[in-house]
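Take a look at the structure set out below.
The values are calculated or read from the model by the stated rules, or taken from the named source; none is laboratory data. Quick caveat: nothing in here was measured; it's all calculated off a predicted structure. Backbone-built Cβ (ideal geometry, glycine too); neighbour counts: all protein chains shown.
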Amino acid sequence: MQRGMHGSDTGAFDVKGRFVPQKFEEIFIKHAKTRPDGLTYLEVEDMILANRDPLDPASWEGPQIEWGGIYNVASDNDGFLHKDDARGIYDGSVFVKLEEKRAFSHHSAM
């Protein structure tokens, strides 16, 4: 995790790669305007822009790719990235949930 650290991030991981719950909660406190437990695509974009380090433009692309991927993988049909799913990206639990959803929809289609 330490080698994956970059500027312009949310601070949800410290320099030793440990998850910082308070920083994670701040993402939603500061940026979830439509509903407190989820981020829209535009709110994710606003968060990315707010976290940009103006002195480190080389670090701008990482969060865009990371959060764009998180949003594409974990947002719901109404366009919200829910807090629990975003936290699940950090701890890995969302991938089990997504696989269960995929298996259910595949099974239902048969």
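Within the stretch 47-59, the set of residues being surrounded by fewer than 16 Cβ atoms within 10 Å (Cβ to Cβ), among the aliphatic types (A, V, I, L, M) and in contact with a helix residue (DSSP H, G or I) (Cβ under 8 Å, 6 or more places away or on another chain) comprises Ala50 only.
One line per residue, one yes/no per condition, for (1) modelled with pLDDT of 90 or more; (2) assigned to a helix (DSSP H, G or I); (3) out of contact with any Lys or Arg (no Cβ under 6 Å at 6 or more places or on another chain); (4) more than 21 Å from Asp9 (Cβ to Cβ):
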| position | (1), (2), (3), (4) |
| --- | --- |
| Ala50 | yes, yes, yes, no |
| Gly62 | yes, yes, yes, no |
| Asp78 | yes, no, yes, yes |
| Asp85 | yes, yes, yes, no |
| Gly88 | yes, yes, yes, no |
| Leu98 | no, yes, yes, yes |
| Lys101 | no, yes, yes, yes |
| Phe104 | no, yes, yes, yes |
| Ser108 | no, yes, yes, yes |
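For Gly62, state whether it is touching a helix residue (DSSP H, G or I) at 6+ places or on another chain (Cβ under 8 Å) and of a type in the set (Gly, Ala, Ser).
So Gly62 fails the test.
A search for C-beta distances below 6 Å between a residue of the stretch 20-44 that is crowded, with 19+ Cβ neighbours inside 10 Å and part of a loop (DSSP other than H, G, I, E, B) and any residue that is at pLDDT 95 or above and among the hydrophobic types (A, V, I, L, M, F, W, C), counting only pairs 6+ apart in sequence or on different chains, returns Ala32/Leu39. Only a single criterion out of (1) touching a residue at least 12 places away in the same chain (Cβ under 8 Å); (2) outside any loop (DSSP other than H, G, I, E, B) is not satisfied by Thr10, namely (2).
Residues that are within 18 Å of Lys30 (Cα to Cα), in contact (Cβ under 8 Å) with a residue 12 or more places away in the chain and of a type in the set (A, V, I, L, M, F, W, C) within the stretch 46-93 comprise Met47, Ile48, Ala50, Trp67, Phe80, Leu81, Ala86, listed in sequence order.
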